[in-house]
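One structure is given below, encoded as C-alpha cells.
The values are calculated or read from the model by the stated rules, or taken from the named source; none is laboratory data. Owing to the predicted nature of the structure, the values given are computational and were not obtained by experimental measurement. Quick reminder, even Gly has a Cβ in these numbers, built from the backbone with ideal geometry, and neighbours come from all protein chains shown.
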C-alpha cells in the first residue's frame, strides 16, 4: 500500500531531494535551542551498569568518531535515541550492546536499484497506439519473475510539462531488486535508442515478512529506537509520528513539560 502512494494525484516533490526535510528541521531546531550538535560516525551504544549508587555518570555510553578525525570518543548520557534503522546489513558499522530482547540480526533491509535512463519506451510490446504511448507515464509490473518492478517518467519540480513535448525522449526511473543488464533495458526501451544516466543501489525499506516481527520502540529503560515503526510501514510520515511519541515518553520519564506548538514552519 505504501508503494501505491506515488500513484496519487496529490503527490508532492521536495525540490532538491527528500533529505532536505530532516536537514531543514534540524537547522530550525538548533536555532531554537542551546543543544550541542556534533557531526560524526556513531560506532556503538552500550548500556552502563553503575556499581556505586552515588555515581552520577550516565546510563548509556555512546562511542563516536567525529568528522575529519581518527580518534574515537566515548561519552555517557542519561538517555539515547537511535534514529536510523538497525539491521544485519549494518551490523559491522554499528554495535548495540544494551539488551538481550533485541537482536539486530533478525532484521533486514530490501536492496533496491534506482535506474535513471534517457530514452523512448518500447510501446509495441504492449500493443499501444502512438497516442496511447504518448500518454503513458508509468508501468507497474506484477510478474515477480521479471527483473524490474516499475518504470516511471521523471519531471523536474520547477519546469512545466510543455518543455518535455519538444522531444520524443524522456528521463525514466526504473526500480529493480537487482542490477539490470543491457538486455533488461532493451526489453523496456525502443531498440538501442536509450542512454543509462545512473544506477543507484540502496537499502530502500525493511524486508517485510509474515508474521512481521516488530522491534521495540523502547529497547531498554534508557535507549529509545525511533525507526522501530518503520517495520510496520516505511515512510517519512510514520517516522515523524514515532519521533513525537518518543519525545512524549522521554519528557514524561525525566519529568519535564513537552513544549507544544501548532505553528507551521516554512523553510
Of (1) more than 30 Å from residue 213 (Cβ to Cβ); (2) surrounded by fewer than 11 Cβ atoms within 10 Å (Cβ to Cβ), residue 143 satisfies all except one. Which?
(1)
What are the residue pairs meeting all of these: first residue in region 121-132, first residue in contact (Cβ under 8 Å) with a residue 12 or more places away in the chain, second residue in a helix (DSSP H, G or I), Cβ atoms under 7 Å, and 6 or more apart or on different chains?
121/133; 121/188; 122/188; 123/133
Residues of region 198-230 satisfying the condition of being more than 15 Å from residue 96 (Cβ to Cβ), without any contact (Cβ under 8 Å) to a residue 60 or more places away in the chain and crowded, with 17+ Cβ neighbours inside 10 Å:
229
Would you check if residue 236 is under 16 Å from residue 205 (Cα atoms) and assigned by TED's automatic domain parsing to the domain that holds residue 83?
yes
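From the list 40, 58, 17, pick out the single residue that is in contact with a strand residue (DSSP E or B) (Cβ under 6 Å, 6 or more places away or on another chain) and modelled with pLDDT under 90. Don't jump to the end; show me each part of the working.
Details: 40 fails: modelled with pLDDT under 90; 17 fails: in contact with a strand residue (DSSP E or B) (Cβ under 6 Å, 6 or more places away or on another chain).
So the residue among 40, 58, 17 that is in contact with a strand residue (DSSP E or B) (Cβ under 6 Å, 6 or more places away or on another chain) and modelled with pLDDT under 90 is 58.
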In region 252-267, how many residues are more than 19 Å from residue 26 (Cβ to Cβ) and surrounded by 10 or more Cβ atoms within 10 Å (Cβ to Cβ)?
2
Matching strands (runs of 3 or more DSSP E) fully within region 21-133 where at least 1 residues are within 30 Å of residue 181 (Cα to Cα)
109-121
Could you list, in sequence order, all residues of region 199-213 that are closer than 17 Å to residue 235 by Cα and assigned to a strand (DSSP E or B)?
202, 203, 204, 205, 206
